[in-house]
Amino acid sequence: MDDPVRRMAFSRRALLLGAGMAGTGALLAGRMAWLAVFEGERYQLRAQENRIQDRLIPPRRGWIVDRNGKPIALNRPDYRLELRPAEVDDLDAALIAIRSVIDIDVGEEQRIRDDCASQPSFMPVVVRQNLTWPEFSACNVRLATLPGVTPVQSFSRFYPEADRFAHLVGYVGAPTPEQYREEKNPLLIYPGFRIGKDGIERFEDKRLRGQAGSAQVEMTARGELVRELGTQPDRPGDTLRLTINRDLQNYAARRLGDNSASVIVMDCITGDVLCMVSMPAYDPNIFSRRVPATLWNALQKDDHTPLLNKSAMGLYPPGSTFKMVTTLAALKAGIDPAESVGCSGKYRLGNNTWHCHARRGHGTVDMARALPLSCDTYFYAMGRRVGIDAIADMARRLGLGQEYPLPLPGQADGIVPDKAWKQRRFGPDPRKGNWREGETLNAAIGQGYIITNPLQLAVMTARLASGKAVMPRLIGEGSPAEFPSLGIPEWHLELVRQGMVDVVNARHGTARAARSPVGDVLFAGKTGTAQVRRISAAERRTGVIRNEALPWKQRDHALFVAFAPAGAPRYACSVILEHGIAGGRYAAPIARDVLSFLFEPERALAILPPIEAEAARARAAREVRETADSIATETRAMMPSWLKLDIKPPLFEIADPDAPQPPREPE
């Protein structure tokens, strides 16, 4: 039935529905027009970003070379496998596929999971470094279709001389989160990127780091590479040339054998540091990766302190090597070199007695004989007359007690004491802060409060040899500086130099073992034996215990400083053997051989085989003892408490510790 009322109601509904549809269509069309016309460029850029990725190209680190261009730190090819978490759908499945191709232990797998969870998903995670060529080839073939997993050929830091340059050059390592927050440099979170962590690598890091490049690549929605659109190459870091002589450094490290020691050689004219060895040390190739916990614990517990740069950070009493300072202070104070002192082996001040190293004394000693004999009594007397302030002033003039402008973090400046220093150190209380005459006697022979590092002793020797305020340098760039005069009369210096020549070459000298084997070259030097324990009056009455009968840590340090050639000084050298017993017997021959290498390398190299064989035997014996101690400790820890008996085993000495010490060769 045709009802007009119903027909009108239907028409209204149709009209409203049509209007709504038309409005919706218009709204959609307007939105599409807005997106296409007004927002088109914005969304085109977003789509481009989804399709095209910018990838960092880490820069190759600059080489470190010696003065002759021989590499000390370089880069070598590093084959590794990377995983990009953002492109991996199932991490568990990806790790199973990777394990079917290369070995990954449980610890490494956990590290990969931790890295995936902690760093941005677009940053690749290193699965394994240092792949062999067969492993790298297998990854390229069998993992080519695994999304997000990519074999990468890169470069890693390599130190060809390993531990012989460790303390000088340092090592590289992964940046810390704190360093990234400070610099905001995306390179610092790039997997495998390394920065300097110690030594010259750390100090000159910005120069060696270089500048990153980038590559634009087109990717599919599944993260597969379509093509490379363009590359901005990286700029490698600068090559850093040092003043070091690599061959000399290697020789000195080998010559030290199993000793805990330092050797430094300087050019007296230019200030170039030719050798700076601190042994034992660590392998920086291992430190540049993850250091095994067992190795780290062993290095920390080693009583030879392989983690310490003894050359710049080790502090030692200079012992008798300081006596040149006291001699120059006495000359400056106007003391006549011909004035003599009677040495009976003892020097009394008040109720106390200071001893000379020669128990029976040296008889009558003047300045010309004092250095070759290293007569403590003479320097007690002269030091007391001159006073501590004059001695300290001369020590600072010769370079002691200061830090040098070198690319070495953590230099120790030591202590050159005087009256003002003691007041600052101990306060105004007269009982503690006032300087005492007995302390001057100790300082006059390089004992007491005074401490130095091996680098300072080398600088002191270079200044004595040249008469100029030589400053050491390690970076071999530009012309050497012209050093000013020390302001010390030349005849004062000549008297000291002659005394050092007699130390080595005179019949009564304390370092006859350091005589030059090179026919036309004469060596000059000074021995030093620094006491590290107090010898009581009771022990002196019964006989001083021989160093060889003491535990290693209680033995005296052995020191020797030298320059060569004696007639026209060019090289200065300092040698310190920790707990080495005597400078003349043990440190002086090492200095002799190191200096000989500069003049006749073949002759110096010929003496190494028996020394290295003995060092290998000593290291093997130490390892056996350490292994036995470790096993004993672990066994004791596993024992039930009722079996643990605190009964110490008897100690057997090689020599009778209470036997009187026979008259010994001076130092």
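In table form, for the structure just shown:
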{"item": "Listed residues ALA620, TYR282, CYS573: farthest to the positive end of the dipole of the chain (Cβ charges)", "result": "CYS573"}
{"item": "In the stretch 463-548, the GluC sites (Glu not before Pro) that fall in loop regions by DSSP, at most 10 other Cβ within 10 Å", "result": "GLU477, GLU482"}
{"item": "Estimated dipole of the chain in Debye, rounded to 20 [Cβ of Lys and Arg +1, of Asp and Glu -1, Cα centre]", "result": "1260"}
{"item": "Estimated Rh, the stretch 387-451: Kirkwood, alpha-carbon pairs, angstrom", "result": "12.7"}
{"item": "Long-range HN-HN contacts of LYS346 with modeled amide H, under 5 Å", "result": "CYS356"}
{"item": "The stretch 264-371: Cα Rg divided by the 2.2 N^0.38 Å rule of thumb", "result": "1.71"}
{"item": "Angle between the chain longest axis and helix 490-505 axis [Cα atoms, degrees, rounded to 10]", "result": "90"}
{"item": "Those residues of the stretch 380-423 whose amide nitrogen sits under 19 Å from the label point placed on ASN352, 7 Å along Cα→Cβ", "result": "380-392, 416-423"}
{"item": "Whether the stretch 246-629 is rounded, prolate or oblate, judged on the alpha carbon gyration tensor where a/c under 1.5 counts as rounded", "result": "rounded"}
{"item": "Whole-number percent relative contact order across the chain, with pairs defined as alpha carbons under 8 Å at least 6 apart", "result": "13"}
{"item": "GLU182 versus LEU229: modelled label distance in nm, points set 7 Å from Cα along the beta carbon direction", "result": "3.6"}
{"item": "Loop trypsin sites (Lys or Arg not before Pro), the stretch 138-205, which have at most 13 other Cβ atoms in a 10 Å radius of their Cβ (DSSP)", "result": "LYS184"}
{"item": "Dipole moment magnitude, nearest 20 debye, the stretch 303-455 about Cα centre, only Lys, Arg, Asp, Glu C-beta charged", "result": "360"}
{"item": "Residue-normalised accessible area of the chain, given per residue in Å² at a 1.4 Å probe", "result": "50"}
{"item": "Anchor LYS468: aspartates and glutamates whose Cα lies under 19 Å away (excluding residues fewer than 8 positions away in-chain)", "result": "ASP267, ASP272, ASP393, GLU403, GLU482, GLU490, GLU494"}
{"item": "ILE475 long-range amide H proximity, modeled H, under 5 Å", "result": "THR243"}
{"item": "Flagged links, alpha-carbon separation over 21 Å, of LYS346/LYS419; LYS332/LYS419; LYS70/LYS526", "result": "LYS346/LYS419; LYS70/LYS526"}
{"item": "Overall Cα dimensions of the chain - principal axes, largest extent first, Å", "result": "150, 69, 60"}
{"item": "The chain, helix-only ellipticity at 222 nm - DSSP H runs n ≥ 4, -39,500 (n - 2.57), divided by all residues, nearest 500", "result": "-11500 deg cm²/dmol"}
{"item": "Charge-dipole axis of the stretch 53-241 as Lys and Arg at +1 and Asp and Glu at -1 on Cβ define it, positive-most pick from PRO147, VAL106, PRO191", "result": "PRO191"}
{"item": "Of all accessible heavy-atom area on the stretch 246-629, the percent that carbon and sulfur account for (1.4 Å)", "result": "51"}
{"item": "Point-charge dipole on Cβ atoms (K/R +1, D/E -1) for the stretch 249-330, about Cα centre, debye to 20", "result": "120"}
{"item": "Euclidean distance between Cα centres, the stretch 401-476 to the stretch 164-185, Å", "result": "31"}
{"item": "Contour excess over end-to-end distance, with Cα ends at GLN119 and THR542 and 0.36 nm allotted per residue", "result": "145.4 nm"}
{"item": "Reachable lysines from LYS197, criterion Cα separation under 21 angstrom, eight or more residues apart if same chain", "result": "LYS184, LYS206, LYS310"}
{"item": "Extension gain (nm, one decimal) between TRP133 and ASP89, 0.36 nm per residue minus Cα-Cα", "result": "13.0 nm"}
{"item": "All aspartates and glutamates inside 20 Å of LYS553 as judged from Cα atoms, apart from same-chain residues fewer than 8 positions distant", "result": "ASP258, ASP302, ASP303, GLU539, GLU578, GLU623, GLU626, ASP629, GLU653, ASP656, ASP658, GLU667"}
{"item": "Solvent-accessible area of CYS116 with every protein chain in place, 1.4 Å probe, in Å² to the nearest 10", "result": "30"}
{"item": "Carbon and sulfur %, accessible surface of the stretch 72-205 computed with the full protein complex present, 1.4 Å", "result": "51"}
{"item": "Most positive-pole-ward Cα, GLY210, MET500, ILE450, against dipole of the chain from beta carbon charges", "result": "ILE450"}
{"item": "ALA298-ALA618 pseudo-label distance in nm [points 7 Å out on the Cα-to-Cβ vector]", "result": "1.9"}
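The values are calculated or read from the model by the stated rules, or taken from the named source; none is laboratory data. Please read all numbers here as calculations on a predicted model, not as lab measurements. Virtual Cβ from ideal backbone geometry, glycine too; neighbours counted across all protein chains shown. Keep in mind that these areas ignore ligands, DNA and RNA; they rest on the heavy atoms of the full protein, side chains included. Shrake-Rupley method; radii C 1.70, N 1.55, O 1.52, S 1.80 Å.
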